[in-house]
């Protein structure tokens, strides 16, 4: 049975471009132990003051990874994307070092397939995912959009007129539109789980889940 990785396990981040820096910065804000690695000495010096450890090294060299203790990490993030060759070599090195969980950035679907085939456990497409998210948000009513596998998504949005001023059970949005309102936030308050008795007011925000197409139709309803 595979050992469960602790939720606060140290993380190795390789590459300090925008994606790697954003990842390392968020981990640091969560008080996680982070080792960042980059070939750029200036970037490494900058991050040495922010994270637990920062090392200048060439991660395409497996011996360099051994020397910095990469094999001791349960989680690694390969944030190198501009060079597909480097990304693949680094990921392969981490696989050879038996790092259990490897998150790798991909710049294309073909790049992602290669990373998966050589052993990356998670492949991330930051540019593509950001573009898809923006495409949904420009409609106006959606304020945030998170898409999962199998065409399922969750959105934060302003409520259409159909659901305002009455209990959710009376709106019948699941029956009519195939979506489910799962949370409601009043101005100045926190999001609360929605119940059939919840009444949505004009200035509330709602969290809605469902299939992508159904959410698009629901968000296009008259406001």
Quick calc of log₁₀ I(q)/I(0), the range 130-219, Debye, one scatterer on every Cα, no solvent, q values 0.15, 0.21, 0.24, 0.25 1/Å, result -0.51, -1.00, -1.27, -1.36
To the nearest 10 degrees, how steeply does helix 18-29 sit against the main Cα axis of the chain, on a 0 to 90 scale?
80
For the residue 201, residue 175 Cβ pair and Förster radius 22 Å, calculated FRET efficiency rounded to 0.05 is 0.45
Rounded to 10°, Cα long-axis angle of helix 84-96 versus longest principal axis of the chain:
80
Please work out the Cα convex hull volume for the chain and give it in Å³ per residue.
161
Of the candidates 78, 163, 13, which one comes out as most mobile in a Gaussian network treatment of the chain with C-alpha springs shorter than 10 Å?
163
For the chain, what does the helix formula give at 222 nm: sum of -39500 (n - 2.57) over DSSP H segments with n ≥ 4, over the residue count, nearest 500 deg cm²/dmol?
-9500 deg cm²/dmol
How are the C-alpha pair distances of the range 11-124 spread across 10 Å bins, as whole percents from the shortest bin up?
16, 53, 29, 2
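Quick check on packing: order 15-27, 199-211 by the mean number of other C-beta atoms within 10 Å, highest mean leading.
By packing density, highest mean first, the sequence is 15-27, 199-211.
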Compute log10 of I(q)/I(0) for the range 73-193 with the Debye formula, placing one identical point scatterer on every Cα and leaving out solvent, at q = 0.12 Å⁻¹, to two decimals.
-0.64
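Only the coordinates and a few stated rules stand behind these numbers; no lab work does. Only a predicted model underlies this, so the values are computations on that prediction, with no experimental measurement involved. Ideal geometry is used to build each Cβ from the backbone, glycine not excepted, and the neighbour counts take in all protein chains shown.
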